[in-house]
1. Can you name the number of the only condition in (1) among the aliphatic types (A, V, I, L, M); (2) touching a Phe, Trp or Tyr at 6+ places or on another chain (Cβ under 6 Å); (3) not assigned by TED's automatic domain parsing to the domain that holds GLY21 that VAL113 fails?
2. Let me spell it out: the conditions are (1) more than 16 Å from the ligand (Cβ to nearest atom); (2) more than 30 Å from VAL267 (Cα to Cα); (3) surrounded by fewer than 17 Cβ atoms within 10 Å (Cβ to Cβ), and LEU125 meets all of them except one. Which number is the exception?
3. Please go through segment 155-198 and give me each residue that is within 22 Å of GLN246 (Cα to Cα) and of a type in the set (Val, Ile, Thr), ordered by number.
4. Out of the residues in segment 159-184 that are among the hydrophobic types (A, V, I, L, M, F, W, C), more than 19 Å from the chain's Cα centre (by Cα) and surrounded by 14 or more Cβ atoms within 10 Å (Cβ to Cβ), state the one that is nearest to the ligand (Cβ to nearest atom).
5. If you take the residues in segment 67-81 that are closer than 20 Å to ALA161 by Cβ and in contact with a strand residue (DSSP E or B) (Cβ under 6 Å, 6 or more places away or on another chain), which one is surrounded by the fewest Cβ atoms within 10 Å (Cβ to Cβ)?
6. Show the residue pairs meeting these rules: Cβ distance below 6 Å; 6+ apart or different chains; first residue within segment 146-166 and within 11 Å of PRO176 (Cα to Cα) and among the aromatic types (Phe, Trp, Tyr); second residue in a loop (DSSP other than H, G, I, E, B) and within 10 Å of the ligand (Cβ to nearest atom).
7. Being within 15 Å of the ligand (Cβ to nearest atom) and of a type in the set (A, V, I, L, M) is the filter here, so list the residues in segment 138-158 that pass it.
8. Residue by residue through segment 188-239, note down the ones that are of a type in the set (Ser, Thr, Tyr) and within 19 Å of LEU306 (Cβ to Cβ).
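The values are calculated or read from the model by the stated rules, or taken from the named source; none is laboratory data. Every value quoted in this text rests on a predicted model; they were computed, and no experiment measured them. Backbone-built Cβ (ideal geometry, glycine too); neighbour counts: all protein chains shown.
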Amino acid sequence: MAGPLLDGLALSRSSLPRTAGERLVDPDLAGKLADPRTRVLLLRGDRAPVRGAPSPELALLRPVQLREVVDAADLVGAVGLLLGVDADGTAHIALLLAAGVAAAPTWPGGQEVSWRDLRGIGADLNARDAGLLTTTVALARWHDGHGRCTRCGEPTVPAAAGWMRVCPAEGIEHYPRTEPAVIVVVRDPDDRALLGRRAEWAPGWFSALAGFVEAGESAEAAVVREAEEEAGVRCDPRRLEYLGSQPWPFPASLMLGYHAWTDDATVCPDGEEIADVRWFTRAELIEGCASGDVRLPPRVSIARHLVERWVGHVLPGDWSRE
Ligand SMILES: [Zn+2]
């Protein structure tokens, strides 16, 4: 019997109402930036200001505080994003700044902040903040890569409160893209789990197999194809368990997580993308993680949760910490 979907996926916890309709009714962010209730998240390059430990939170600003932190000239022309509006009417807006923009070392009131990226901080933030930062990073990457129209090559301009770009030359609209990818832990008749090591990873690093869904392909077919291409293992296409999804905006993926089963434990790593694949028993993986001989992806990744679902509990260590 299928189990419940994974919960606690770090970047899937968004809780702020997105109020998509509001982007079209009131796409002018200037009005919301004049409202003292509004809270603003700065993203500088791929980093956001964070305060507090051990329970870090995004260091949001009131609109009047913006100029205490960043030079007014750097705010002009910054792309603004309406992330959502709370039930009490508080709008949350992100402003995208270039990586090189100077910011005050301390925040209004003398608060210490550090600039952190989503991979590093996503699992430690509360649900609302994790959602705010995930959406901001996803949109920032999209704006960054879509300054020109994909049809005619003319420059595009942001619209709909940061959720659209328009080609003025043709009057056509471009929307943020999400690219589906599958990620899978394959299990054999002895209920061992198959993990792979990519060629560029250090020895001992292992994770679930993963790859993009190709044009014209279903997610289920992509799981079977990726397992065969990367590990030479044939999964039963009628026996897949979908366990949940997580946005992975580096730059635009949506990871669809699966467990799959095979009747034949024969494997053959592709030798290019994947240098090594290994069947682990639970005892082997638990011992490997405890000793540090095996390192898994950090908790911010869905891969970690897929592996721990199979193990039945959380495991120590990860490859972000030596
Ligand atoms: Zn165009």
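1. (3)
2. With (1) more than 16 Å from the ligand (Cβ to nearest atom); (2) more than 30 Å from VAL267 (Cα to Cα); (3) surrounded by fewer than 17 Cβ atoms within 10 Å (Cβ to Cβ) applied to LEU125, the lone miss is (3).
3. Correct list: THR178, VAL182, ILE183, VAL184, VAL185, VAL186.
4. Within segment 159-184, the subset among the hydrophobic types (A, V, I, L, M, F, W, C) is 159-161, 163-164, 166-167, 169, 172, 181-184.
Cutting the leftovers down to more than 19 Å from the chain's Cα centre (by Cα) gives us 159-161, 164, 166-167, 169, 172.
From what's left, surrounded by 14 or more Cβ atoms within 10 Å (Cβ to Cβ): 159-161, 164, 166-167, 172.
Values: ALA159: 14, ALA160: 17, ALA161: 21, MET164: 13, VAL166: 9, CYS167: 3, ILE172: 6 Å.
Residue satisfying both the conditions and the ranking: CYS167.
5. ALA78
6. Short answer, once both residue conditions are applied: none.
7. Hit for segment 138-158 is VAL157, nothing else.
8. Selection gives SER207 alone.
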